[in-house]
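Student: Dropping a structure here in structure tokens format, bear with me for questions.
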Amino acid sequence: MMDKAIKNLPTEESGEVHGNNRAADAVPPSRAPSASVEPVTPAGVAACWSCHGPVMAGDLFCATCEAVQPPRPVDPFTRLALEPRFEMPIDELDRRYFDLQRCLHPDRFATKTSRERAISLALTADINAAYETLQDPVKRAIALLEMQGVTIHADGCNTMSDPVLLMEAMEQREALAEAETSIQVESIAAVAECEKADCLEELACAFGTNDLSAADRLTTRLKYLMKFEDELRAARVRFSQAP
């Protein structure tokens, strides 16, 4: 059985994709095409803009009339119809992303109304943003923390207040700055890679046990380690270009 987010996709065989538009789909002359969010009831159910039937959060299409639905403010997991969890198999994420992209391919909306085309483009942008978030372990962790009500600072994670992490960061950056050969850089990189793997494992465990305090702290650590990877790449380039 197809997932809720994509199960109501109109099929070409039924003539609903490339056939003539329903009169109910036409946009009144006085109303500009819109991809705005429809009103949502307290239960999280919106009214379909076309038939006024119920539409659940995250659904791309109305189950009643199959009209494409404007994007609503949902977390990236709901947008991609995935279970909220930190450990995210990349093949599963990719498969869901491309399934949804096929549902919203422009060819499917070539004969639709201007409003439906605008909505499909807005949904595509939403899906792209959700996919980008869930691909990145730091952004994925931040999304999970925000879903649990943990306040995140504007820079993407809470400030580095852990004195142990501060000292570690200073020592690693000092060692990298003092490295005189590419061999020394690779040695530092190997240690950092092991620390990143350990951090990812600990972060998955923290989310699995709902230890939000540990998850918050480890997310900050992971963000630093991934930023340090960028510094290591820059150091590699510097030594590769040295005479």
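Student: On the given criteria, is PRO76 farther than 22 Å from ARG108 by Cβ, surrounded by 19 or more Cβ atoms within 10 Å (Cβ to Cβ), under 25 Å from the mean Cα position of the chain (by Cα) and modelled with pLDDT of 75 or more?
Tutor: Here the answer is yes, as PRO76 does meet what is asked.
Student: Can you go through LEU144, LEU134, LEU123, LEU104 and tell me which one is crowded, with 20+ Cβ neighbours inside 10 Å, under 16 Å from the mean Cα position of the chain (by Cα) and either at pLDDT below 95 or more than 25 Å from THR219 (Cα to Cα) (or both)?
Tutor: Within the list LEU144, LEU134, LEU123, LEU104, the selection yields LEU123.
Student: Now, a different point. Which of (1) outside the structural domain of LEU60 (by TED's automatic domain parsing); (2) modelled with pLDDT of 95 or more; (3) not in a helix (DSSP H, G or I) does PHE86 not meet, given it meets every other one?
Tutor: Only one criterion in (1) outside the structural domain of LEU60 (by TED's automatic domain parsing); (2) modelled with pLDDT of 95 or more; (3) not in a helix (DSSP H, G or I) is unmet by PHE86, namely (1).
Student: Does ASP99 fit the bill of being out of contact with any helix residue (DSSP H, G or I) (no Cβ under 9 Å at 6 or more places or on another chain), buried (at least 16 other Cβ atoms within 10 Å of the Cβ) and modelled with pLDDT of 95 or more?
Tutor: So ASP99 fits the description; yes.
Student: For THR111, which of the numbered conditions (1) assigned to a helix (DSSP H, G or I); (2) over 15 Å from the mean Cα position of the chain (by Cα); (3) among the polar types (S, T, N, Q) fails to hold?
Tutor: Here THR111 clears every test but (1).
The values are calculated or read from the model by the stated rules, or taken from the named source; none is laboratory data. All values reported here derive from a predicted model rather than from experimental measurement. FYI the Cβ positions are ideal-geometry reconstructions off the backbone, even for glycines, and counts take in every protein chain you see.
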